[in-house]
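> One structure is given below, represented as structure tokens, and several questions about it will come after.
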Amino acid sequence: MTFKFRLYRILTSICLFMSSFTTLMGFIGLISSGLNPQIFLNVAFLSLFFVHSLLSLYLQRSLLIPQIPLKESTPGGIRITGGIIIFFTSLSIISGLIMLANADILLAPLQEKLMSENPEAFKDMNVSVIRLMGAMLIIFPALYLINAILGFGFLKKWKQQQQELEDSSRPEDDNLML
């Protein structure tokens, strides 16, 4: 087992844990909101991360034990969910970088807005809180981004492995060719 594959397995486990928690919290929020359509869209979006983690587990199982095939829809599911995850995590990472770079500029308008809503809760807000939020917008999406990129790489490796299995099961006799 290579380092990349071990990293892929570890990241998939971490992402599965985090995405199952966020999806569960989303479902609880959806039920408590009375099936609000906006929250439903958020839950549907959050469940993409969970589905991608599950599909990654199936891909890993198939790579470790080639006799266990993937369903026909699994490679397409990994591509679709992985593409969506790469797009949105990239946006989140860019937002986090902007937040880190401009934390002092963002502090005054954010304090103004939050203090008008609840002055007691946000009286201690400072630049370090904004930088922490920016760091969180980078770290967690980076885990999902790396996992999705590794998923694409190992999906390609799985396709090559399946092609080799197909080629080895075909007869080598040239007389059978028409």
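> Please go through region 114-130 and pick out each residue that is loosely packed, with under 14 Cβ neighbours inside 10 Å and in a helix (DSSP H, G or I). Walk me through it before giving the result.
Going residue by residue through region 114-130, those that are loosely packed, with under 14 Cβ neighbours inside 10 Å are 116-121, 123-124, 126-128.
SER116, GLU117, VAL127, SER128, listed by residue number.
> Quick check, is ALA101 modelled with pLDDT of 80 or more and of a type in the set (A, V, I, L, M)?
Numbers: modelled with pLDDT of 80 or more: yes; of a type in the set (A, V, I, L, M): yes.
It is true that ALA101 is modelled with pLDDT of 80 or more and of a type in the set (A, V, I, L, M).
> Follow-up. May I ask you to list the residues in region 122-141 that are under 32 Å from the mean Cα position of the chain (by Cα) and modelled with pLDDT under 85? Lay out the reasoning, then the answer.
Going residue by residue through region 122-141, those that are under 32 Å from the mean Cα position of the chain (by Cα) are 122, 125-141.
Matches in region 122-141: PHE122, MET125, ASN126.
> Assuming ILE93 fulfils every condition listed in (1) closer than 18 Å to PRO141 by Cα; (2) at pLDDT below 95; (3) of a type in the set (A, V, I, L, M) apart from one, which condition is it?
(2)
> Might you let me know whether region 148-164 holds any residue that is among the β-branched types (Val, Ile, Thr) and within 25 Å of THR2 (Cα to Cα)? Show your work before the answer.
Within region 148-164, the subset among the β-branched types (Val, Ile, Thr) is 149.
Subset that is within 25 Å of THR2 (Cα to Cα): 149.
Taking every residue of region 148-164 in turn, at least one turns out to be among the β-branched types (Val, Ile, Thr) and within 25 Å of THR2 (Cα to Cα).
> Suppose we filter ILE98, ILE146 for residues that are within 23 Å of SER19 (Cα to Cα) and either assigned to a helix (DSSP H, G or I) or of a type in the set (S, T, N, Q) (or both); which single one remains?
ILE146
> Can you work out which of the residues in region 21-41 that are within 20 Å of PHE140 (Cβ to Cβ) and of a type in the set (Ser, Thr, Tyr) is surrounded by the most Cβ atoms within 10 Å (Cβ to Cβ)?
Filtering region 21-41 for residues that are within 20 Å of PHE140 (Cβ to Cβ) and of a type in the set (Ser, Thr, Tyr), the one surrounded by the most Cβ atoms within 10 Å (Cβ to Cβ) comes out as THR23.
> Starting from region 52-80, take each residue that is at pLDDT 90 or above and list its partners that are of a type in the set (D, E, K, R) and not in a helix (DSSP H, G or I), counting only C-beta distances under 9 angstrom and pairs at least six apart or across chains.
Filtered contacts from region 52-80: TYR58/LYS71; GLY77/LYS71.
> Out of all the residues in region 59-85, which are assigned to a helix (DSSP H, G or I) and surrounded by fewer than 17 Cβ atoms within 10 Å (Cβ to Cβ)? Write out each step before concluding.
So the first thing to find is which residues in region 59-85 are assigned to a helix (DSSP H, G or I), and the list is 59-64, 73-85.
Scanning region 59-85 gives ARG61, LEU64, SER73, GLY76, ARG79, ILE80, GLY83, ILE84.
> What's the number of the condition MET18 fails, among (1) of a type in the set (A, V, I, L, M); (2) part of a helix (DSSP H, G or I); (3) surrounded by 17 or more Cβ atoms within 10 Å (Cβ to Cβ)?
(3)
The values are calculated or read from the model by the stated rules, or taken from the named source; none is laboratory data. Just so we're clear, the structure is a prediction, and the values are computed from it rather than from any experiment. For neighbour counting, all protein chains shown are included, and Cβ atoms are generated from backbone atoms with ideal geometry for every residue, glycine included.
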